[in-house]
Structures are given as structure tokens and as C-alpha cells.
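What follows is one structure encoded as C-alpha cells, with my remarks underneath.
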Amino acid sequence: MKRPTHETIAVAKLVLAMFIFGTIGIFVRHIPLPSSVIGLTRGALGSLFLLILVLWKEKSLAVADIRRNGLILFFSGSFIGINWILLFEAYRHTSVAIATVCYYLAPVFVILASPLILKEKLTPRKLLCAAAAMLGLIFVSGVLERNPDVGYDPRGILFGVGAAVFYAGVVLFSKQLKEISAYDTTFVQVGVATLVLLPYTSLTVKPGELHFSPLTILLLVIVGILHTGFAYGLYFGALKVLKAQTMAIFSYIDPIVAILLSALLLRENLGLLGILGAGLVLGSTFISERKDVKNQLK
């Protein structure tokens, strides 16, 4: 019997990480706490887990690399914190499936902002993909059918799109990082997100109004450790071995899992137009990313 190769193990890590990411909406929907509290707890537990992982994998933090990229890490980490709040609010105001599809507009916003920020050329193919994704968003939003069973709520759509905008900002900032490991980057970004959420949470949430049942505590620990620290560890472990094209393709396990679990566990119905819209959003971003990665590998 052949032993699994490093690439096979890396693919398994990536698949597991994407599956875990795809389930986070189900857990967040059952945590009866403000989104800022969930995000703060997630960041605190996740950054602690990631620090242990960095010290185990790399023995110490690369302080010089972190200091060199400090400003970019600060802004990208701040955007991650805001992104978490908006995404969790999207889960509350619309279905997990719709929130996830809106969130996956992030690559479209990266495409549209790249000519201004990264000085990259905006090709007709990219414009076509962006237009198809925007059309898909209209279908997913339910605005054309107003079917109450679809979970239409303009607030959920806006929160989901807002989360995508801020995640696109994280991507654009991260593209400008220089000579720093993925583990160090992620630890600092999650840590900054936690520090940013701390004053916001303290100003907007009254501790006396929070109620932590054993189930709520368990779900918070799962979101912080499993969905943040552990899943990020798997993801970046795979990143060191796999090609960018493989990473891009397997990343679509996340929304597929989220949409399926939304339908199976939460009984959330996308509707016919919603399914068509999801196909347009995910398909257009997939085509755009896949073509870009192929060009980079040539």
C-alpha cells in the first residue's frame, strides 16, 4: 500500500478547511449574541490558537517582517474585524445561502478595484465576469420575485455585500505584503481584528444584557477554535504545498457546502432564480480566478 504523498495530504487539509469554513453560518445562526461579541470571541480564541501554531511550526514570530509590514497588517486586520461583523449580521437577516453567495462577490470587487489600486488591466473577460456576477446578485436577492420563502431581506443582502467589500479590501492589502510568512500574517491580522472589535464591542454592548448558556459557550468555542484557528492552520498548511490554481478551485467547496447545509439543515429555499443567481455569481468568479491563475502559471 502506497503512503499518501505530501500533495495528497495537502489536498485533504484544504478540502477539510473549506468544508469547515462552509459550516460557520450554521453555527453563527444559533448563537444568540450580538455579532460584535461573536467576532470578538472568534478573534480572541482564533489568534491564541494561531499563536500556538506559529510557535510550534516556526518556533518564533518574525518580528522584523511584521514590523516592516505593520501598516498593511493593521488595515487588513481592521477590515477583517469589520468583515466578520457584517457577515454575521448577514446570516441573521437573510438565509445562510444568500449571505454566502453575496459574500462571494469579493473577487468581483477585487477585479473592479485592481486597475486603481494594483494597476492591473481590466480586460473584457473580467468585465463580463463582473457583470454576470452582479446579475446573479440581483437574482439571488429575491427582488425580482418577492417570495417570502426565499428569505428576501434587503438588510441581509446589504450586509453580505458589505462583508464582500471589506474582504476584497483584505485581499488588496494582502497583495502588497512583502517577505512575511502566511502564518505570521494571519496571526497578526486576526489579532488586530480582535483589538479593533474590543472597543467597538465595549461601546455598543451592555455586558449585563448578555446571556451565556452552556450551548452558547460551546458554539463560541467551536467558531473560535475550529472555524478560525484550526481551519486557518489547515488552509495555510495546504498553501505551502499546493499550486495557486488548485487552491482557487477547491475554495469553492466553501459556498457549495454552505448552500447545501442551508437547504438541508435550515430548510432555507433559494428558489429557482436564486439558484440561477448563485450559479452566475460562483461561476463567473470561478472562471475569472481560474483564468488568472493559469496565466500566472505560464
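The values are calculated or read from the model by the stated rules, or taken from the named source; none is laboratory data. Computed from a predicted model, the values in this text were never measured in an experiment. Heads up, the Cβs are rebuilt from the backbone with ideal geometry, glycines too, and the neighbour counts pull from every protein chain shown.
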**Request:** Output the qualifying pairs, or none if there are none: Cβ atoms under 8 angstrom, residues six or more apart or on different chains, first residue in segment 243-260 and among the polar types (S, T, N, Q), second residue assigned to a helix (DSSP H, G or I) and at pLDDT below 75.
**Result:** Q245/R290; Q245/V293; Q245/K294; Q245/L297
**Item:** Search result, residues across segment 206-226 that are modelled with pLDDT under 90 and either touching a Phe, Trp or Tyr at 6+ places or on another chain (Cβ under 8 Å) or within 29 Å of F187 (Cβ to Cβ) (or both)
**Value:** P207, L210
**Request:** Hey, could you check segment 83-115 for residues that are closer than 20 Å to Q176 by Cβ and among the polar types (S, T, N, Q) and say which is farthest from the chain's Cα centre (by Cα)?
**Result:** S114
**Item:** Matching residues, segment 90-106, being assigned to a helix (DSSP H, G or I) and either in contact with a strand residue (DSSP E or B) (Cβ under 8 Å, 6 or more places away or on another chain) or crowded, with 24+ Cβ neighbours inside 10 Å (or both)
**Value:** A90, Y91, V96, A97, I98, A99, T100, V101, C102, Y103
**Prompt:** Regarding L210, is this residue within 15 Å of I24 (Cβ to Cβ) and touching a residue at least 40 places away in the same chain (Cβ under 8 Å)?
**Reply:** no
**Item:** Hits in segment 53-68 - residues which are part of a helix (DSSP H, G or I), of a type outside the set (K, R) and touching a residue at least 60 places away in the same chain (Cβ under 8 Å)
**Value:** L53, V54, E58, D65, I66
**Message:** Anything in segment 184-213 that is among the aromatic types (F, W, Y) and under 24 Å from Y167 (Cβ atoms)? List them, or say none.
**Reply:** F187, Y200
**Prompt:** What are the pairs, 6+ residues apart or on separate chains, where a residue within segment 91-102 that is farther than 16 Å from I38 by Cα has its Cβ under 8 Å from a residue that is in a helix (DSSP H, G or I) and among the acidic types (D, E)?
**Reply:** T100/D254
